[in-house]
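K.L.:
Okay, here's the structure, questions in a sec.
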Amino acid sequence: MRVEQLTCAIGAELVGVNLADAIDDDGLFAEIHAALLKHRVLFLRDQDISRAEHVAFARRFGELEDHPVAGSDPEHPGLVRIYKNPDQPNDRYENAWHADATWREAPQFGAVLRCVECPPVGGDTMWANMVLAYENLPDHVKTQIADLRARHSIEASFGAAMPIEKRLALKAQFPDAEHPVVRTHPETGEKVLFVNAFTTHFTNYHTPARVRFGQDANPGAGELLRYLISQACIPEYQVRWRWKPNSIAIWDNRSTQHYAVMDYPPCHRKMERAGIIGDKPI
């Protein structure tokens, strides 16, 4: 296996390897796992693997989970089908910077995403290094956010377009989760800026140390949150991947965010994602 770094900040392509071989090869899997921690997102071409092999490889990292809104392959639980077609021109859930399922108490560890069908041009996906985003924050901002916590909501994102009864039922099933604004990566110990498109507000901002008058809290807290979320938009933290059929991306959801570029209507784009259950951020 050869590891070819794609940018100075994030991303590497794995060359000369078949992921199906890593299902039973402990040494090969250990190399891939180490490369993932170092580069945060890994890419492979020409991976003509079956759905069963896709799921089996992803399970080497941990158990998989379904998505309450996006459907899974009926024969392979945990393999979420992200199928876009010309009849869904307003389906825009992915074209915002986000980490997957931060509305859960335990957001995903990461994911293995395979391209089944894609447009000849367009439909790229971008990833951002949120460890680097934290490291480069001004010191006074790091001090300001060190103890902050924030809410993440499926109701305000996937649920927003639902009829109110369904939206409230979704919130009852998945109450808003609260996470630290700066989490610690459980394997590397790195600090990660951990707010994204699912984040609605800070939960412990309104303290005497931060708030003198109402404007300090509103819009002050909202402006700070928007500033922090915008850090993923900085190109120096990003890598952009052009899909081809049987290309695969593996990413660490704990230290990255991603953005699916919706520039391809009226084409089809069919992706299958195995999402790996993670742990509660601290």
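K.L.:
Given the Cα-Cα distance of Gln215 and Asp48 and 0.36 nm per residue of separation, how much length would full extension add, in nm?
P.N.:
54.5 nm
K.L.:
Could I ask something else about it? How big is the stretch 135-174 on each of its three principal axes, counting only the C-alpha atoms and giving the largest first in Å?
P.N.:
44, 16, 12
K.L.:
Shifting gears a bit: Residues of the stretch 209-251 with amide nitrogen under 18 Å from the 7 Å Cα-to-Cβ point of Lys142?
P.N.:
Counting backbone N atoms under 18 Å from the label point, the list is 228-229, 231-232, 237.
K.L.:
Here's another thing I want to ask about it. Quote to one decimal, in nm, the extra length available between Val15 and Met1 on full extension: 0.36 nm per residue of separation minus the C-alpha distance between them.
P.N.:
Going from the current span to full extension adds 4.5 nm.
K.L.:
Related question: Label the stretch 183-282 by shape, choosing from rounded, prolate and oblate, from the square roots a ≥ b ≥ c of the eigenvalues of the Cα gyration tensor; if a/c is under 1.5 it is rounded, and otherwise prolate applies when a/b is larger than b/c, oblate when it is not.
P.N.:
prolate
K.L.:
Right, something else. With +1 on each Lys and Arg Cβ and -1 on each Asp and Glu Cβ, and nothing else charged, work out how big the dipole of the stretch 25-117 is about its Cα centre, in Debye to the nearest 20.
P.N.:
My answer is approximately 320 debye.
K.L.:
Going toward the positive end of the dipole of the stretch 1-112, with +1 on Lys and Arg Cβ and -1 on Asp and Glu Cβ, which of Leu19, Pro86, Gln47 do you reach last?
P.N.:
Result: Pro86, furthest along the dipole toward the positive end.
K.L.:
In a GNM of the chain with a 10 Å cut-off on Cα contacts, which of Asp26, Asp139, Asp73 has the highest mean-square fluctuation?
P.N.:
Asp139
K.L.:
Out of Gln108, Gln47, Gln257, any idea which swings most in a Gaussian network model of the chain, alpha carbons joined below 10 Å?
P.N.:
Answer for the Gaussian network model of the chain: Gln47.
K.L.:
Hey, another quick one. Percent relative contact order of the chain, based on C-alpha pairs within less than 8 angstrom and at least six residues apart?
P.N.:
That works out to 36 percent.
K.L.:
Using modelled backbone amide H atoms (1.01 Å from N, in-plane), which distant-in-sequence or interchain residues come within less than 5 Å of Thr256's amide H?
P.N.:
Met130
K.L.:
Mind checking the stretch 229-282 for trypsin sites (Lys or Arg not before Pro) that DSSP puts in a loop (not H, G, I, E or B) and that have at most 15 other Cβ atoms within 10 Å?
P.N.:
Arg242
K.L.:
Using the crude model of +1 on Lys and Arg Cβ and -1 on Asp and Glu Cβ, and no other charge, please compute the dipole size for the chain relative to its Cα centre, in debye to 20.
P.N.:
Rounded to the nearest 20 debye, it is 760 debye.
K.L.:
Determine the gain in length on full extension of the stretch Glu75-His206; use 0.36 nm per residue of separation and subtract their C-alpha separation, reporting nm with one decimal.
P.N.:
42.3 nm
K.L.:
Could you give the size of the charge dipole of the stretch 157-279 about its Cα centre, using +1 on the Cβ of each K and R and -1 on the Cβ of each D and E, expressed in debye and rounded to the nearest 20?
P.N.:
340 debye
K.L.:
Rounded to whole Å, give me the distance from the Cα center of the stretch 1-39 to that of the stretch 246-282.
P.N.:
17 Å
K.L.:
Let me ask another. Taking Cα atoms of the stretch 1-145, Rg/Rh with Kirkwood Rh, to two decimals?
P.N.:
0.97
K.L.:
Measuring from centroid to centroid over Cα atoms, what is the spacing of the stretch 41-105 and the stretch 139-176 in Å?
P.N.:
21 Å
K.L.:
Next up: So if I restrict to the alpha-carbon atoms in the chain, what is the Rg, and what is Dmax, the biggest pairwise distance, in Å?
P.N.:
19.0, 61
Values in this text are rule-based calculations from the coordinates and carry no lab data. Just so it is clear, the structure is predicted and the values come from calculations on it, not from any experiment. As a convention, Cβ positions derive from the backbone with ideal geometry for all residues, glycine included, and neighbour counts pool all protein chains shown.
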